[in-house]
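> Dumping the structure here so I can ask a few things about it.
The values are calculated or read from the model by the stated rules, or taken from the named source; none is laboratory data. Quick caveat, the model's predicted, so the values are computed rather than measured. Cβ atoms come from the backbone with ideal geometry, glycine included; neighbour counts cover every protein chain shown. What goes into the accessible areas is simple: the full protein's heavy atoms, side chains included, and nothing from ligands, DNA or RNA. Shrake-Rupley method; radii C 1.70, N 1.55, O 1.52, S 1.80 Å.
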Amino acid sequence: MGEPVDAAFKTTGSRWLQPVSECLGFPLDQVNFLACQLFALAAAFWFRLYLSPGHASPLVRHAVATLLGIAFLIFCFGWYSAHILTVVFASYLLILKADINNVHRYSMVTAMGYLTACQVSRVFIFNYGILSTDFSGPLMIVTQKITTLAFQLHDGLCKKNEQLTSEQKLMAISVRPSLIEYLSYNLNFLSILVGPCSNYTDYIDFIEGRHVSRRLRQHPGTCNGQNGYDKTPDPSPLNAVYRKLLVCCGCMLSFLIVTRSLPIKYNINSHFVSQAPFLTRLMYAFFSIQAARPKFYFAWTLADAVNNAAGYGFLGMDENGKPSWDLICNISIIGIETATSFKTFIDNWNIRTGIWLKTVCYDRAPKHRLALTFILSALWHGVYPGYYFTFLTAIPITMAARAIRKSVRHHFLGSRSLKLGYDILTWAATQLAICYTVMPFLLLAVDDTIVYYRSMYFHVHIISILAAIALHRKHKPREPFASTKAFSSISSSSSLSALAQCQPVHSNNNDKVD
């Protein structure tokens with residue numbers, strides 16, 4: 001985001017804002033995206049105030065949310081929006097016509113197959129998507145929704161209660177959705193462009209006016225569905241929206257001032273790599289990765305604010321009795337920036353995708369759960385080689401981090417000063433490891449990734465592999481793998497706690513041994 005406008009760039013979306021793009025120096029597709037999200041924010045306030053469940057029927061709310069979402073798709077992507085619409089309608093036909101015992105499998109193959117085909121075409125046909133509009137973001141979000149709904153429908157119609165986990169029971173769908181409900185869930189304007197993916201039952205509760213009241217009844221202290229909160233007006237999301245918009249402003253300012261002055265590609269500049277000392281290259285890599293985060297913070301926080309402005313995303317009352325609007329929050333910035341372990345960092349990054357991977361794969365695979373979840377995550381992200389370098393590099397780093405933590409952490413718990421020193425050291429190590437791991441994710445290409453790793457002398461690979469091997473015999477892991485983060489740490493112990501107790505589940509810095 002924010003690269004100079006390339007004259008060769010071709011967009012299939014609207015060109016109404018071309019003058020704004022040229023004036024600001026931002027690519028037109030990014031200007032269109034931002035315009036739609038700001039319009040969505042205004043529309044969300046209107047939706048909550050004038051199309052509330054008390055003023056409009058669920059059918060009207062579904063229809064308006066769907067039409068606005070489709071309009072955003074067409075405005076941003078033009079005829080490319082047909083890809084998103086095609087997979088949504090095809091998946092609905094599967095839900096209606098396919099054997100209900102296998103509908104979840106058919107939906108997964110259809111949605112993931114179509115997504116992969118589109119991503120392959122962008123990488124190998126359209127030269128890494130540089131010269132064409134990137135519609136893969138909405139397609140990735142729709143893929144999550146399609147598969148989530150299909151698995152939860154299979155839970156509700158095919159499985160007995162004793163076959164389901166407590167969390168699956170809460171989210172099971174016992175009736176096939178109507179066409180308008182299905183389209184609204186997948187294509188609503190609140191989440192069509194950048195997500196996040198939420199559960200179908202939560203979304204339907206929101207549309208039909210049960211979202212807040214249901215969460216309030218689940219608050220601790222409830223007795224027979226009564227806890228006093230049901231007699232008060234629904235809490236307002238305004239404070240949460242204003243706070244998140246303020247965060248967005250800070251992220252945008254950081255992006256304009258810092259991010260654009262520290263380009264990622266400079267890490268593989270031939271002159272820089274050959275002339276700069278190793279520590280200089282290491283520090284530039286660290287700060288350029290830090291500077292790359294604000295655009296993700298901005299997009300996900302703005303999306304969360306849009307949902308909250310419409311009255312969606314209420315989690316419950318926090319421990320201080322104040323309303324929390326973090327039900328579908330996709331990121332915890334404080335958790336990321338203060339993470340003292342690889343696991344904690346990942347726990348707080350792209351949270352809803354971690355929950356999706358756990359919901360449709362990790363919790364359901366009969367064996368090889370971690371391997372299958374890894375494959376699904378890699379395929380969902382895309383086929384850029386850099387993605388796979390990132391995922392493969394994360395494996396030895398996660399194993400080493402777990403082994404080292406078990407071996408040395410207890411030595412630093414004797415005093416506050418030792419613990420503080422340990423936290424500072426592990427914070428620095430975590431941030432440098434994350435920098436090394438995610439660089440290929442941003443560089444994308446094989447050649448660029450190899451240039452970067454060579455400039456770093458593959459030091460993180462070597463250290464992590466040696467540490468994992470050396471400490472493997474000393475400590476036998478309690479779980480098959482620490483990187484089960486995305487799939488087990490947001491598990492029944494945390495996700496179910498959030499559902500039942502209405503408390504935020506994002507990890508803070510670990511005071512426990514992973």
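> Right, A90: open to solvent by less than 20 Å² (accessible area, probe 1.4 Å) and at pLDDT 95 or above or not?
Here the answer is no, as A90 does not meet what is asked.
> Further question on the same structure: Kindly provide the set of residues from segment 15-35 that are small (G, A, S) and surrounded by fewer than 18 Cβ atoms within 10 Å (Cβ to Cβ), ordered by number.
Residues satisfying the conditions are G25, A35.
> A further question follows. Looking at R293, R281, R260, R243, can you tell me which residue is part of a helix (DSSP H, G or I), touching a Phe, Trp or Tyr at 6+ places or on another chain (Cβ under 8 Å) and basic (K, R)?
Every option except R281 fails the conditions.
> Mind counting the residues in segment 305-324 that are open to solvent by 10 Å² or more (accessible area, probe 1.4 Å) and either part of a loop (DSSP other than H, G, I, E, B) or more than 17 Å from Y242 (Cα to Cα) (or both)?
Count: 7.
> Does segment 368-382 hold any residues that are farther than 16 Å from G195 by Cβ and either in contact with a helix residue (DSSP H, G or I) (Cβ under 8 Å, 6 or more places away or on another chain) or at pLDDT 85 or above (or both), and which are they?
Result: R369, L370, L372, T373, F374, L376, A378, L379.
> Of the residues V142, V103, V175, only one is open to solvent by 20 Å² or more (accessible area, probe 1.4 Å) and either closer than 28 Å to W46 by Cβ or of a type in the set (A, V, I, L, M, F, W, C) (or both); which? Walk me through how you get there before you give the answer.
Values: V142 fails: open to solvent by 20 Å² or more (accessible area, probe 1.4 Å); V103 fails: open to solvent by 20 Å² or more (accessible area, probe 1.4 Å).
Exactly one residue qualifies, and that residue is V175.
> A follow-up question, please. Given (1) over 30 Å from S236 (Cβ atoms); (2) open to solvent by 30 Å² or more (accessible area, probe 1.4 Å); (3) of a type in the set (F, W, Y), identify the lone condition not met by Y362.
(2)
> Pull out all pairs, ordered by first then second residue, where Cβ-Cβ is under 7 Å, the residues are six or more apart or on different chains, the first lies in segment 371-399 and is open to solvent by 50 Å² or more (accessible area, probe 1.4 Å), and the second is outside any helix (DSSP H, G or I).
If the second residue must be outside any helix (DSSP H, G or I), the pairs left are L372/A365.
> Output the residue which, of all residues in segment 50-69 that are at pLDDT 95 or above and open to solvent by 50 Å² or more (accessible area, probe 1.4 Å), is nearest to P233 (Cα to Cα).
Y50
> So, S81, is that one outside any helix (DSSP H, G or I) and open to solvent by less than 50 Å² (accessible area, probe 1.4 Å) or not? Outline the logic, then answer.
Numbers: outside any helix (DSSP H, G or I): no; open to solvent by less than 50 Å² (accessible area, probe 1.4 Å): yes.
Here the answer is no, as S81 does not meet what is asked.
> To continue, here is another question. What about F345, is it over 11 Å from the mean Cα position of the chain (by Cα) and assigned to a loop (DSSP other than H, G, I, E, B)?
On the way: over 11 Å from the mean Cα position of the chain (by Cα): yes; assigned to a loop (DSSP other than H, G, I, E, B): no.
So F345 fails the test.
> What are the residue pairs meeting all of these: first residue in segment 33-58, first residue more than 10 Å from A309 (Cβ to Cβ) and β-branched (V, I, T), second residue open to solvent by 60 Å² or more (accessible area, probe 1.4 Å) and part of a helix (DSSP H, G or I), Cβ atoms under 7 Å, and 6 or more apart or on different chains?
none
> Continuing with the same structure: Only one of (1) surrounded by fewer than 18 Cβ atoms within 10 Å (Cβ to Cβ); (2) closer than 29 Å to I462 by Cβ; (3) under 19 Å from the mean Cα position of the chain (by Cα) is not met by I334, so which one is it?
(2)
> Does A117 meet the test of being surrounded by fewer than 16 Cβ atoms within 10 Å (Cβ to Cβ) and assigned to a helix (DSSP H, G or I)?
yes
> Tell me yes or no: at least one residue of segment 70-80 is among the hydrophobic types (A, V, I, L, M, F, W, C) and over 24 Å from L41 (Cβ atoms).
yes
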